[in-house]
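Before any comments, here is the structure.
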């Protein structure tokens, strides 16, 4: 093995975590993410899960972009845009999301499984 262990294969990770992700977020046929247990999540977790849904919607060719704007996230999650913006800054500072444009963000897949595991542990223990 050795150095090959350093190689990050996004597709391999995608396959491994689909079963976990569907317990947290699903994607409508129009590409809009739906949070499965929104009421059990913090605002930051809701925002991150929405972006996870966008990521999978893009892979499924249900939407053109894996990113979302503050306005889109705020509208879909029914949160104040200022709150969404603040939570995105926190998530960005923690390396979970990346800013890809003015007020537009996407999930970083390298920490995706770790984040989803944390959410599932929280949901299953409530």
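The values are calculated or read from the model by the stated rules, or taken from the named source; none is laboratory data. This is a predicted model, so every value here is computed, not measured. Glycine also receives a Cβ, built like all others from the backbone with ideal geometry; neighbour counts cover every protein chain displayed.
Test residue 79 against the stated conditions and say whether it is in contact with a helix residue (DSSP H, G or I) (Cβ under 9 Å, 6 or more places away or on another chain), within 26 Å of residue 125 (Cα to Cα), free of Cβ contacts under 8 Å to residues at least 40 places away in the same chain and surrounded by 14 or more Cβ atoms within 10 Å (Cβ to Cβ).
Against the criterion (in contact with a helix residue (DSSP H, G or I) (Cβ under 9 Å, 6 or more places away or on another chain), within 26 Å of residue 125 (Cα to Cα), free of Cβ contacts under 8 Å to residues at least 40 places away in the same chain and surrounded by 14 or more Cβ atoms within 10 Å (Cβ to Cβ)), residue 79 qualifies.
Condition (residue is within 18 Å of residue 17 (Cα to Cα), at pLDDT below 95 and surrounded by fewer than 19 Cβ atoms within 10 Å (Cβ to Cβ)) applied to the stretch 88-104: is it met by at least one residue?
No, the stretch 88-104 has no match at all.
For the stretch 1-22, which positions are modelled with pLDDT of 80 or more and under 14 Å from residue 116 (Cβ atoms)?
Across the stretch 1-22, the qualifying residues are 17, 18, 19, 20, 21, 22.
Scan the stretch 19-32 and tell me whether some residue there is surrounded by 11 or more Cβ atoms within 10 Å (Cβ to Cβ), touching a helix residue (DSSP H, G or I) at 6+ places or on another chain (Cβ under 7 Å) and within 22 Å of residue 86 (Cβ to Cβ).
So far as the stretch 19-32 goes, yes, one or more of its residues are surrounded by 11 or more Cβ atoms within 10 Å (Cβ to Cβ), touching a helix residue (DSSP H, G or I) at 6+ places or on another chain (Cβ under 7 Å) and within 22 Å of residue 86 (Cβ to Cβ).
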